[in-house]
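> Take a look at the following structure, please.
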Amino acid sequence: AAALKLAEEEAARKLAEEEAAAEAAAALKLAEEEAARKLAEEEAAAEAAAALKLAEEEAARKAEEEAAAEAAAALKLAEEEAARKLAEEEAAAEAAAALKLAEEEAARKLAEEEAAAEAAAALKLAEEEAAQSEAEEQALSPKEVGNDIAGAPSSAAVAVKDDAEEAGTASEVDAVEIQADAEQVAAAPESSGQVAPDVCLSYPEYRMAHPGPILGGIFNKDPVVTFAQAVERSDPQGLVPWPLRRGCAWIEEHGVETEGVFRIPGSTKNVKAWVVQMNDDPEFDLGPPGSEFTVPSVCSMIIKFLMGQKRGWWTGIPPEEDEANKATFHKFAQLAKALRAKKESRDKCLEEIREALRELPPSPRETIKTVSRMMYQISKHHEVNLMTPPKLALCVGTNLGPLAETMFEEYEFLFES
């Protein structure tokens, strides 16, 4: 019984141990399953976190791409707007430039029309005065004719009296002095019109010693000033009238790069004031560029002088009144015609033109040279001032004879070689 009891106790112990082992195994299995579950949960959480991170990164990338696309679109719109505004500004600038050119062209045409009207009026006045003078001379008695000529050409004696009357001073000058001057001119031999140089005097001193107007009024009337008179009264060297010498020098110094030089008209009011001052004040001079002394106004003064003279201004005698001058004028016209028609080689024409210029008296030749040098200097800057020799010739060429364009283009060959 004791042994049985021990066996039963042993069996119970073993059973208890087996049950404990089974329970431990079950608990271990449960623990392992719990650990596996937790591991799976952690892995799932990690995968979810990784997926979430990837999703967030993808969303951020897409947001950046969308922002970049929006920025590019905004930049494109800004560029298109800037291009549109630039195009509008350029169009406005072109329109303004075109308007300015149109206004300048209209002003030039108006000035040309006014100049043509003035020239026509001047021609008509000259013809009327010539007819009146002829009628008056025919009406003179033989005694009066004898007193007028006083043994010399009538043009020389009448010129002194005419100068005094046209300058508006005849009523203020004593009749005896006028007659004495007329007799002195009548008694003097005919000259070439050149004035003996008096280079020791300054310009103001020379003007004080040789008073009288040097630039005529409207239509070269009130006063009337011939080319020879202007030279005699204003240039100590007896070569170039002061309005041309000083005006050309002023333009060469201040105006060769001015756009539209000689094409844009200046201030008529200022030019008229200058005419009065230079005729009355020996100290008058063209001042520095400013509100009064502008390039267009100085150009207008130069053109006014040239237009105030007849087409034979280089000798002071119109071609129709002097055979030698008529031949010279005709020679220049023929050379210009040959040059335009290209009947002869350009080099041959240029040689003939140079020889014809050399045959001119010193004063007209130096005057043409002065004007041509100025135009040559202007034409060298044609890319800036937009004035080529042909354009310059259109502005003043009709007063410089038929070869203005050639003289401006070939200045160095014609005058310096």
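> Compute the Cα gyration tensor for the stretch 229-272, then decide on rounded, prolate or oblate, letting a ≥ b ≥ c be the square roots of its eigenvalues: rounded whenever a/c is under 1.5, prolate when a/b is larger than b/c in the other cases, and oblate in all that remain. It would help to have the intermediate numbers written out before the result.
Values: a/c = 3.45, a/b = 1.70, b/c = 2.02.
Since a/c reaches 1.5 but b/c is at least a/b, the shape of the stretch 229-272 is classed as oblate.
> With a 10 Å radius around each residue's Cβ, average the other Cβ atoms per peptide and rank 51-60, 298-307, highest first. Walk me through the numbers on the way to the answer.
Values: 51-60: 10.0, 298-307: 23.0.
Peptide ranking by packing, descending: 298-307, 51-60.
> Residue 210: accessible area at probe 1.4 Å, nearest 10 Å²?
Here the residue's solvent-accessible area equals roughly 50 Å².
> Right, here's the next one. Any idea what the dipole of the stretch 38-116 comes to, in debye rounded to 20, about its Cα centre with Lys/Arg Cβ at +1 and Asp/Glu Cβ at -1? Mind dumping the intermediate values first?
Working: 10 positive and 24 negative charges, 4 e Å.
For the stretch 38-116, the charge dipole is close to 20 debye.
> Across bins of 5 angstrom width beginning at 0, how are the C-alpha pair distances of the stretch 327-392 distributed, in whole percent?
3, 15, 19, 20, 23, 14, 5, 1
> Work through the residues other than residue 54 whose Cβ is under 11 Å from its Cβ and net out their charges, Lys, Arg +1 and Asp, Glu -1. Display every interim value, and only then the final one.
Values: positive: 53, 61; negative: 47, 56, 57, 58.
That sum, taken over residues with Cβ under 11 Å, equals -2.
> If you don't mind, another one. Set Lys and Arg Cβ to +1 and Asp and Glu Cβ to -1, take the dipole of the stretch 221-308 about its Cα centre, and tell me which of 223, 236, 294 lies farthest positive.
My answer, from the dipole projection, is 223.
> Follow-up. Please label the shape of the stretch 34-78 as rounded, prolate or oblate, based on the square roots a ≥ b ≥ c of the eigenvalues of the alpha-carbon gyration tensor (a/c under 1.5 means rounded; beyond that, a/b larger than b/c means prolate, else oblate). The partial results should precede the final answer.
Details: a/c = 11.68, a/b = 11.27, b/c = 1.04.
Here the stretch 34-78 falls in the prolate category.
> Students sometimes get this wrong: rank 372, 417 by accessible area, probe 1.4 Å, all chains present, largest first. Intermediate values should be presented prior to the final figure.
Values: 372 0, 417 75 Å².
Highest to lowest solvent-accessible surface, that is 417, 372.
> If you don't mind, another one. Past 31 Å, Cα to Cα, is the threshold; run 109/369; 100/331; 109/337; 85/391; 109/348 against it and keep the listed order.
Listed pairs above 31 Å: 100/331; 85/391; 109/348.
> If each of residue 42 and residue 333 carries a label point 7 Å out from its Cα toward its Cβ, how far apart are those two points in nm?
Output for this residue pair reads 12.1 nm.
The values are calculated or read from the model by the stated rules, or taken from the named source; none is laboratory data. Predicted model only: the values in this text are computed from it and were never measured. Glycine also receives a Cβ, built like all others from the backbone with ideal geometry; neighbour counts cover every protein chain displayed. In case anyone asks, the SASA skips ligands and DNA or RNA and just uses the protein heavy atoms, side chains included. Shrake-Rupley method; radii C 1.70, N 1.55, O 1.52, S 1.80 Å.
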